[in-house]
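Enquirer: Just dropping this structure here.
The values are calculated or read from the model by the stated rules, or taken from the named source; none is laboratory data. Because the structure is predicted, anything quoted here is derived from the model rather than measured. For neighbour counting, all protein chains shown are included, and Cβ atoms are generated from backbone atoms with ideal geometry for every residue, glycine included.
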Amino acid sequence: MRLRWTRLAERDLDEIAAYIGQDNPAAAARVILELIDQVENLLPAHPAIGRPGRVVGTRELVIGELPYVIPYRVLGKDLEILRVLHTSRRWPEDLRPKRS
């Protein structure tokens, strides 16, 4: 399966790295690497591993040791990573970017 990160998901990773990196750049790098590793090594081989998502048509990969949930969707032979969300954040009703 082909894996594609949305711009929102990439932005989420950047924001996570910046936030954690304020206090501990090494920890920020470890967290980002772990999130990417979980997605890139688990999902292509096991696309149904995530629980059914809160948003219709999505699934959610729960990262066990970290407080993050990664909503994604399977589109044929493609996996689309929609967001990387901290579990303490309010869940968005729509995981797509807002149109202006």
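Enquirer: Go through the range 7-58 and report how many residues are under 18 Å from residue 75 (Cβ atoms), outside any loop (DSSP other than H, G, I, E, B), touching a residue at least 24 places away in the same chain (Cβ under 8 Å) and hydrophobic (A, V, I, L, M, F, W, C).
Expert: 3
Enquirer: A follow-up question, please. With respect to residue 7, is the statement that it is basic (Lys, Arg) and within 12 Å of the chain's Cα centre (by Cα) true? Explain how you work it out, then say what you get.
Expert: On the way: basic (Lys, Arg): yes; within 12 Å of the chain's Cα centre (by Cα): yes.
So residue 7 fits the description; yes.
Enquirer: In addition: Among (1) among the acidic types (Asp, Glu); (2) at pLDDT below 95; (3) within 26 Å of residue 1 (Cβ to Cβ), where does residue 93 come up short?
Expert: (3)
Enquirer: Residues of the range 1-23 being among the polar types (S, T, N, Q) and touching a strand residue (DSSP E or B) at 6+ places or on another chain (Cβ under 9 Å), which ones? It would help to see each step written out before you state the result.
Expert: Going residue by residue through the range 1-23, those that are among the polar types (S, T, N, Q) are 6, 22.
Passing the criteria: only 6.
Enquirer: Same structure, new question: Restricting attention to the range 67-81, report how many residues are crowded, with 16+ Cβ neighbours inside 10 Å and either free of Cβ contacts under 8 Å to residues at least 24 places away in the same chain or more than 22 Å from residue 1 (Cβ to Cβ) (or both).
Expert: 2
Enquirer: Right, next: If we scan the range 13-35, do we find a residue that is charged (D, E, K, R), at pLDDT 95 or above, more than 24 Å from residue 92 (Cα to Cα) and surrounded by fewer than 12 Cβ atoms within 10 Å (Cβ to Cβ)?
Expert: Yes, because at least one residue in the range 13-35 is charged (D, E, K, R), at pLDDT 95 or above, more than 24 Å from residue 92 (Cα to Cα) and surrounded by fewer than 12 Cβ atoms within 10 Å (Cβ to Cβ).
Enquirer: Then there is this: Could you list all residues from the range 38-73 that are touching a Leu at 6+ places or on another chain (Cβ under 9 Å) and of a type in the set (A, V, I, L, M)?
Expert: 39, 42, 43, 49, 55, 61, 63, 66, 69, 70
Enquirer: Could you give every pair whose Cβ atoms fall below 8 Å, whose first residue belongs to the range 82-93 and is in contact (Cβ under 8 Å) with a residue 40 or more places away in the chain, and whose second residue is among the polar types (S, T, N, Q) and part of a loop (DSSP other than H, G, I, E, B), counting only separations of at least 6 or pairs across chains?
Expert: 82/6; 82/58; 83/6
Enquirer: Oh, and also: Restricting to the range 56-75, give me the number of residues that are touching a helix residue (DSSP H, G or I) at 6+ places or on another chain (Cβ under 7 Å) and under 14 Å from residue 40 (Cα atoms). I'd like the intermediate steps shown before the answer.
Expert: Let us first name the residues in the range 56-75 that are touching a helix residue (DSSP H, G or I) at 6+ places or on another chain (Cβ under 7 Å), namely 61, 63, 66, 68, 70.
If we keep only those that are under 14 Å from residue 40 (Cα atoms) too, we end up with 61, 63, 70.
So the answer is 3.
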